[in-house]
Amino acid sequence: MTNKIRFLLLAFLCLSWTIQAQNCQTPITATASGITCNDNGTQLDSLDDTFAFFLLVTGDSTSWSVEPDSTLYAYDTTYNFSGFPISGGPLTLVVINTSDSLCTDTVVVAPPPPCSVAPPACLTPITAGIDSILCSDNGTPLDSLDDTFTFLLTVTGGATTWSIAGDSLIFLYDTTYLAGPLPISAGAFDLIVVDNDNMACSDTIGITPPGPCSTPPVCQTPISATVDSILCSDNGTPLDSLDDTFTFMITVTGGANSWSVAGDSLIFQYDTTYLAGPFPISVGPTDLVLVDNDDMACTDTVSITPPGPCSVPPMCQTPITADFANILCNDNGTPLDSLDDTYTLDLTVGGGATTWSLAGDTLMFPYDTAATVGPFQISAGPLTLIVVDNADSLCMDSVLVTPPPPCSVPPNACDVKEIGCMKYELLGVAVDSAQRKTYTIMVTNNCSNKMIYAAFQVPDGVVAKSPDNDAMYSAPSGREYLVRNPNFSPMYSIRFKSVADSIADGQSDVFEYTLPAQVDPDYILVVTRVAPKIFYQAHLNTFGCKDSTSQIIANGPSIPGPKAGTNTNPGGSNPDPNAPVPADPKGTFAVYPNPTTGGQVMIDIFGWAGQQLELQLFSPKGELLKTVTLLSSGYMQPFELPTGLDAGIYWLKLKPANGKPVVQQLVIQW
């Protein structure tokens, strides 16, 4: 029994500790003050009045928000909240501490009375009366669409003057005015008259227009058209049905003198048969509107359906059949570059008597004999080949050819990095007899937008031995890039900028540059700009290339090294810049989101809890843009970026009170 009591007591203590651990640690208090009314620009209408107030929250040093909004506010600072409808009644706000969601406070804000003043009551009611509604044909006695009307309007009951609502003209009471002309076609409407001394006094009267007074003409002698003998003509090309035409006989009766086709000036006699056409069959059915020349109200419409074509298209008399085999790949003289691989195939065509050719080509091949055709680019994908009989061009056949896999074997990359839709591969580092190192890097752009330039970081003050500044670099693909050596933005580098065309949609280009013998970087920062102003960057490690640099070009794919996707760091004083831990191993310095489009970012400085730190923002040119002081409390800190920053690579420098400064890159994209 005693053990059971001890067990229950222990369980109660554990439960009590659990409940206490979930309580708010830093209670907060929200206070509303300065409640004011706004008439919302309508001084006479109290229904749309709104109210505003000031809100102050105390109790912590981080930030708070109002549920369910995510906007962050600082403690001990008064903020103005406005635009709440008075008609909505009391407003309940739940304030939450963003660093401890268990700490909340609820404040109820009672709205003030409306501040709009209702208009005074009407003391002298007014009355509007109309009379003498008259139609006018508007000078077109045969066209009722533009008829108008007028009426007499008298307003009584007021003392001085009245107006029509929305109009500035002033009229006297007990005086009759002529109103209009107004279009009859607009239909009925309401007319509102208002007393100019008291806007609360008004009257509304419904106005119904009269019927039109114009009389449309009526045909006195109806006419009728008859069509007969619809005939096709091959138009002199008996093998081409596309230009076939047709004619027909037409007779119009019922009129006294003559008729015409609407829109045409030719005159024809009644009760006489005429040959009409030719009309193209390809146009399809045709409607003809016939009009009496003495009475334009007398018309008739006749629909003519053309006959079928009378030309007979030619047909192939000796069908042919194509087949292929023996698809062979060719590395095109570049055994390490699969991008330019081609292939050939043997094509055999049967069924014809003499020779055949590929559509669009003049070379002739005999039937029933295999002919080798090509080369074709493997990178172009599936290919449709059309073969044509040289004796009868109507006889043809097509085959769909799927290319073989590339036969060039690219070297194993020393390091591969992918960021977004960009891929960077360090293919090798070749060392010549003077110990100068040539770096070969492949850039693949899987974005739909073109790449504008690629920049490769070199140590400060170093100028690459080749290519020269302002030189034109020709990539293996044949694309040309203008070289800037050295380049200063977005970092000290050598830059290759496209001249006419560039890579996109999965295309790649290979870039090479040579550095002096004394330069041996552990990693290379690669930055690419994609149209219009989108930046991507990654660090390529050179560790996997350094032990066998002289063999990379000679042996190609047999060189060992890190495979695609690896991110190794064998040690040394230079860490991998892509890893989340910076130079100071005691702390983590990161920024989210990165890249960003501007506004507010969150700073991760968990590793310096309890310390006061200075955070500086530098431009791509090294200019100091902003400095703030932060106290690391174990939670992510918001940092507001200055407005109007251009897209590019910026630098955040964190300076702790104790320890080395830490630098983090921040990419801003548009």
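So, of the residues in the range 606-633 that are touching a strand residue (DSSP E or B) at 6+ places or on another chain (Cβ under 7 Å) and assigned to a loop (DSSP other than H, G, I, E, B), which turns out to be most open to solvent (accessible area, probe 1.4 Å)? Looking at residues that are touching a strand residue (DSSP E or B) at 6+ places or on another chain (Cβ under 7 Å) and assigned to a loop (DSSP other than H, G, I, E, B), I get Q611.
If the condition is being over 54 Å from the mean Cα position of the chain (by Cα) and surrounded by 15 or more Cβ atoms within 10 Å (Cβ to Cβ), then the range 220-233 contributes I223, A225, V227, I230.
The set of residues in the range 390-431 that are of a type in the set (D, E) and under 29 Å from Q537 (Cβ atoms) comprises D415, E418, E425.
Scanning the range 486-506 for residues that are touching a Phe, Trp or Tyr at 6+ places or on another chain (Cβ under 8 Å) and either in a strand (DSSP E or B) or surrounded by fewer than 18 Cβ atoms within 10 Å (Cβ to Cβ) (or both) gives P486, S493, I494, R495, F496, K497, S498, V499. Screening the candidates G206, G255, G211, G236 for the property of being over 53 Å from the mean Cα position of the chain (by Cα) and either under 30 Å from A128 (Cα atoms) or at pLDDT 95 or above (or both) yields one hit, G211.
Residues in the range 113-128 that are touching a Ser or Thr at 6+ places or on another chain (Cβ under 7 Å) and either closer than 16 Å to G89 by Cα or open to solvent by 70 Å² or more (accessible area, probe 1.4 Å) (or both): P114, A118, T127. Residues that are modelled with pLDDT of 85 or more and basic (K, R) within the range 611-661 comprise K626, K653, K655, listed in sequence order. Within the range 309-330, restricting attention to residues that are part of a loop (DSSP other than H, G, I, E, B) and open to solvent by less than 50 Å² (accessible area, probe 1.4 Å), the residue that is nearest to D243 (Cα to Cα) is S311. In this structure, P366 does not qualify as touching a strand residue (DSSP E or B) at 6+ places or on another chain (Cβ under 8 Å) and either modelled with pLDDT under 95 or surrounded by 14 or more Cβ atoms within 10 Å (Cβ to Cβ) (or both). Of the candidates P467, P410, the single residue that is at pLDDT below 95, touching a strand residue (DSSP E or B) at 6+ places or on another chain (Cβ under 8 Å) and buried (at least 16 other Cβ atoms within 10 Å of the Cβ) is P410.
From the list Y439, Y473, the one residue that fits, being crowded, with 19+ Cβ neighbours inside 10 Å, over 32 Å from the mean Cα position of the chain (by Cα) and touching a residue at least 60 places away in the same chain (Cβ under 8 Å), is Y439. Output the residues belonging to the range 139-152 that are aliphatic (A, V, I, L, M) and at pLDDT 95 or above. Of everything in the range 139-152, just one residue is aliphatic (A, V, I, L, M) and at pLDDT 95 or above, namely L152.
A quick yes/no check of all residues on (1) of a type in the set (S, T, Y); (2) at pLDDT 95 or above; (3) under 19 Å from T305 (Cβ atoms); (4) under 53 Å from the mean Cα position of the chain (by Cα):
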| site | (1), (2), (3), (4) |
| --- | --- |
| P183 | no, yes, no, yes |
| L242 | no, no, yes, yes |
| G263 | no, no, no, yes |
| I281 | no, no, yes, yes |
| G284 | no, no, yes, yes |
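Pairing residues of the range 254-274 that are farther than 18 Å from V227 by Cα with residues that are of a type outside the set (F, W, Y) and open to solvent by 50 Å² or more (accessible area, probe 1.4 Å), at Cβ distances under 7 Å and at least 6 apart in sequence or on separate chains, gives A256/T221; A256/D294; N257/N293; N257/D294. From the set of residues in the range 476-485 that are more than 30 Å from the chain's Cα centre (by Cα) and not in a strand (DSSP E or B), which is nearest to S448 (Cα to Cα)? My answer is S477. Residues in the range 76-112 that are in contact with a Leu (Cβ under 9 Å, 6 or more places away or on another chain) and among the hydroxyl-bearing types (S, T, Y) were compared, and the one that is surrounded by the most Cβ atoms within 10 Å (Cβ to Cβ) is T98. Only one of these is open to solvent by less than 80 Å² (accessible area, probe 1.4 Å), in a strand (DSSP E or B), under 30 Å from A391 (Cα atoms) and touching a residue at least 24 places away in the same chain (Cβ under 8 Å): G374, G277. Name it. Exactly one residue qualifies, and that residue is G374.
What number of residues within the range 634-660 are part of a loop (DSSP other than H, G, I, E, B) and open to solvent by less than 70 Å² (accessible area, probe 1.4 Å)? Of the residues in that region, 6 qualify. Does D69 satisfy being touching a residue at least 60 places away in the same chain (Cβ under 8 Å) and acidic (D, E)? When the stated conditions are applied, D69 does not pass them.
The values are calculated or read from the model by the stated rules, or taken from the named source; none is laboratory data. On a predicted model such as this, the values are computed, not experimentally measured, just so you know. All Cβ positions, glycine included, derive from the backbone under ideal geometry; neighbour counts span all protein chains shown. Just the protein is used for accessible areas: all its heavy atoms, side chains included, with ligands, DNA and RNA removed. Shrake-Rupley method; radii C 1.70, N 1.55, O 1.52, S 1.80 Å.
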